[in-house]
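The values are calculated or read from the model by the stated rules, or taken from the named source; none is laboratory data. Since we're looking at a predicted model, the values are computed, not measured. FYI the Cβ positions are ideal-geometry reconstructions off the backbone, even for glycines, and counts take in every protein chain you see.
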There are 2 protein chains.
Amino acid sequence: MAQGIEHLPSPSLLLDQDRFEDNIKAAENLLGSFGKLMRPHVKTHRTPELARLQLGGRARGVTCATVGELEAMAAAGIDDLLLANEIVSPDKLERIAAVAATSRVLVAVDSMRGAQLLSAAAVRAGSNIEVLIDVDVGLNRCGVRSAPEAVALARMVLEAPGLILAGLMGYEGRLRAAVADRVQKFDAGCESLEQVKSALETEGIKVGIVSGAGTSTFNEGLRSPVLTEIQAGTYAMMEADLDGLDLPFKRACTVIATVISVTSDGAVLDAGRKSIGCENGLPEALLPGASVLKINEEHTLLSCHRPVALGTRVMLFPSKVPTTFNLHDRVWLIRGNVVERSVPITARGRSD
Amino acid sequence: MAQGIEHLPSPSLLLDQDRFEDNIKAAENLLGSFGKLMRPHVKTHRTPELARLQLGGRARGVTCATVGELEAMAAAGIDDLLLANEIVSPDKLERIAAVAATSRVLVAVDSMRGAQLLSAAAVRAGSNIEVLIDVDVGLNRCGVRSAPEAVALARMVLEAPGLILAGLMGYEGRLRAAVADRVQKFDAGCESLEQVKSALETEGIKVGIVSGAGTSTFNEGLRSPVLTEIQAGTYAMMEADLDGLDLPFKRACTVIATVISVTSDGAVLDAGRKSIGCENGLPEALLPGASVLKINEEHTLLSCHRPVALGTRVMLFPSKVPTTFNLHDRVWLIRGNVVERSVPITARGRSD
């Protein structure tokens, strides 16, 4: 049954299982040492079968970015689900409440109106939904902006039928190696969370979960006194631009493509931006003497110091894993150069 | 049955049918005036139902970028198909030959080896495949680089069983309004095509089709003495960065999203890079007083000069239509603010 990667369709998305498993073990070890929990973010792969491999140990549930991801994970039997996003559309609220009828569901909320809508949907479905007050910790996107605002919202959630106040959430965005003052920015975010937490506790409101950080702030998240759990996703596959952050994770995700045209000092591959997410830069070619010059919709141009034969298979490391997975219907699991099986990316396209 | 766009799932991909039809008519009129044919490029939408609406009149067949697109269009009954790309993978060659058993198929070729492989696949399937010699006209991607190379390849194609030499192809890439010397670059490309054409004719080799140009060079393509047909795709939907090229096409494609969080001077929408292609820049918000500041995977941040209510629906013009369509499973056809129906984007993800 096992076949070599040279027989895969071109282009195909590949996941190196040994590296993927090593990344999960490395994360487990760190989480154990620091006494933190993890809620792997499934926006990275949108693949329930991979999410299940990440769970267990200190990873007690998953983080989703969209209702579509939540539904896909619940349909695969994952029953502890954080939706780390604000939801106000009537149809989406109903869908969340339906999932909450059979699974533990936590949802981020940053407005009174949002809490009212979520409460009404929970009551209609006869569900209980747990709420994390979303605190803006520097991303300037969603989240309440002050401790008094958080206290008022928490009080409302405590009184809202169908809602259970479970804690806080604060996502600081991607603080890469190159970001100036990254540690200071992360610490400022944690300081905001601490202020909100202590304002709530002063009012007698218990704060259970404090969820935040990601792969780019994994090490800082482990050491943060306020965070109880980390929402990392990319750690399991890694990306080139997360190098330099002293993380123990190895790059596990590639796209395999084929040389379709050659010149004296270059080659063209049959994979482009419709197969490879490029938001963090060009992919890297795993071909000695070759480097990626440019990428178009269906083509990647290589500069080559040695001749390359037409039909050569070339593996590319994408710079952005979540948008790469979202372009494919399935991912092929490999060990070395042997393909073991493919699994469907069930939540591909589920931004709904 | 008809519903308002405010009831669509969020985010959703929308196509304004009136504008789409106007764009097709405008293209037809221009093609007629200049006596040119068109082969609409379906990489723009990957949607057979839209391709069929573009055909007729001077649009005699479609252009595809991938074998997956070719198969999806053929499955929908479109029987004149140009694959404007080099193919060397054995499985893909077989799939092309299978389509060619029942439809007219033309394929770009730029190497002897490529022509041999295509010929062998055609023979095995008992098909005839038409060949366009691909000429590099300045994109520095695929394509033969000289007239002698083209002549040698054409001779080989003429003798190869299962292959029919149909003409030339030259794609010069996207010469946007901002590209320096765009007309000179386009003219240099046409000059290359003319040189190759006359070298072939000198050898007694007939050149039928000369296919090239696109939406960004539509006007130049019409006036080119060498091109017989234009491979435009985006013309039917348009994009902001093609403004300034004096084209009669109107923007017809939007993504509708919902305000999920508000601040005193901003709002956050529930659509991001996983729903909107951003390769040519940020999308534009169709909301008075609002402009797009930033886009993340599932969020678009707006700066707003007036208060915006939670739950407000906002339409966004994507800067890149082909990668936007490729993120969605269906597109909703609207007239004004009324939704008529949705059609499946059958070839979504078909970069295989």
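Looking at region A:50-74 only, could you name the residues that are in contact with a Cys (Cβ under 7 Å, 6 or more places away or on another chain) and either within 14 Å of another protein chain (Cβ to nearest Cβ) or surrounded by fewer than 24 Cβ atoms within 10 Å (Cβ to Cβ) (or both)?
A:Leu70
Just to be sure I understand the filter: pairs with C-beta atoms under 6 Å, separated by 6 or more residues or on different chains, first member in region B:183-194 and assigned to a helix (DSSP H, G or I), second member of a type in the set (S, T, N, Q). Which pairs pass?
Close Cβ pairs (under 6 Å, with a partner that is of a type in the set (S, T, N, Q)) amount to B:Phe186/B:Thr217; B:Cys190/B:Ser224.
Mind counting the residues in region B:166-184 that are crowded, with 17+ Cβ neighbours inside 10 Å and farther than 21 Å from B:Asp110 by Cα?
Residues meeting the conditions: 2.
Output the residues belonging to region A:319-347 that are β-branched (Val, Ile, Thr), more than 21 Å from B:Asn326 (Cβ to Cβ) and under 20 Å from the mean Cα position of the chain (by Cα).
Scanning region A:319-347 gives a single hit, A:Val343.
So which pairs qualify, if the first residue must be in region A:218-231 and within 15 Å of A:Leu132 (Cα to Cα) and at pLDDT 95 or above, the second must be among the β-branched types (Val, Ile, Thr) and assigned to a helix (DSSP H, G or I), the Cβ gap must be under 6 Å, and the two must be at least 6 apart or on different chains?
Taking only residues 6 or more apart or on different chains, not a single pair turns up.
Go over the candidates A:Leu14, A:Leu30 one by one and state the one that is in contact with a Pro (Cβ under 9 Å, 6 or more places away or on another chain) and modelled with pLDDT of 95 or more.
Only one candidate passes the filter, namely A:Leu30.
Keeping to region B:75-127, report how many residues are more than 14 Å from every other protein chain (Cβ to nearest Cβ) and within 26 Å of B:Ala152 (Cα to Cα).
14
From the list B:Arg52, B:Arg46, B:Arg19, B:Arg39, pick out the single residue that is of a type outside the set (Ser, Thr, Tyr), touching a strand residue (DSSP E or B) at 6+ places or on another chain (Cβ under 6 Å) and at pLDDT 95 or above.
Testing whether each residue is of a type outside the set (Ser, Thr, Tyr), touching a strand residue (DSSP E or B) at 6+ places or on another chain (Cβ under 6 Å) and at pLDDT 95 or above leaves just B:Arg39.
Among the residues of region B:128-145, write down those that are more than 10 Å from chain A (Cβ to nearest Cβ) and either without any contact (Cβ under 8 Å) to a residue 24 or more places away in the chain or part of a strand (DSSP E or B) (or both).
B:Ile129, B:Glu130, B:Val131, B:Leu132, B:Ile133, B:Val135
Checking the condition of a type in the set (Gly, Ala, Ser) and surrounded by fewer than 24 Cβ atoms within 10 Å (Cβ to Cβ), which residue from B:Ser261, B:Ser224, B:Ser216, B:Ser211 passes?
After applying the criteria, what remains is B:Ser224.
Under the condition of being of a type in the set (Asp, Glu) and closer than 13 Å to A:Ser351 by Cα, which residue from region A:57-85 is nearest to the chain's Cα centre (by Cα)?
Ranking the candidates gives A:Glu69 first.
Of the residues that sit in region A:236-252 and are modelled with pLDDT under 95 and more than 19 Å from A:Thr324 (Cα to Cα), which one is surrounded by the fewest Cβ atoms within 10 Å (Cβ to Cβ)?
Result: A:Asp246.
When the residues of region B:232-257 are narrowed to those that are within 14 Å of chain A (Cβ to nearest Cβ) and in contact with a strand residue (DSSP E or B) (Cβ under 6 Å, 6 or more places away or on another chain), which ends up nearest to A:Gly277 (Cα to Cα)?
Per the criteria, the residue is B:Val255.
Collect the residues in region A:120-141 that are over 18 Å from A:Ser89 (Cα atoms) and of a type in the set (S, T, N, Q), keeping them in residue-number order.
Residues satisfying the conditions are A:Asn128, A:Asn140.
When the residues of region B:266-301 are narrowed to those that are within 11 Å of another protein chain (Cβ to nearest Cβ) and charged (D, E, K, R), which ends up nearest to B:Thr312 (Cα to Cα)?
The qualifying residue nearest to B:Thr312 (Cα to Cα) is B:Asp270.
Are any of the residues in region B:5-26 closer than 20 Å to B:Pro344 by Cα, β-branched (Val, Ile, Thr) and either over 17 Å from the mean Cα position of the chain (by Cα) or surrounded by fewer than 16 Cβ atoms within 10 Å (Cβ to Cβ) (or both)?
Yes: region B:5-26 contains one or more residues that are closer than 20 Å to B:Pro344 by Cα, β-branched (Val, Ile, Thr) and either over 17 Å from the mean Cα position of the chain (by Cα) or surrounded by fewer than 16 Cβ atoms within 10 Å (Cβ to Cβ) (or both).
Looking only at region B:279-314, which residues are touching a helix residue (DSSP H, G or I) at 6+ places or on another chain (Cβ under 8 Å), more than 23 Å from A:Gly143 (Cβ to Cβ) and not acidic (Asp, Glu)?
B:Asn280, B:Gly281
Which one is farthest from the other protein chains (Cβ to nearest Cβ) among residues in region B:302-337 that are among the aliphatic types (A, V, I, L, M) and buried (at least 22 other Cβ atoms within 10 Å of the Cβ)?
Among residues in region B:302-337 that are among the aliphatic types (A, V, I, L, M) and buried (at least 22 other Cβ atoms within 10 Å of the Cβ), the one farthest from the other protein chains (Cβ to nearest Cβ) is B:Ile334.
Pick from B:Val107, B:Val137, B:Val99, B:Val131: which is in the same structural domain as B:Ala232 (by TED's automatic domain parsing) and modelled with pLDDT under 95?
B:Val137
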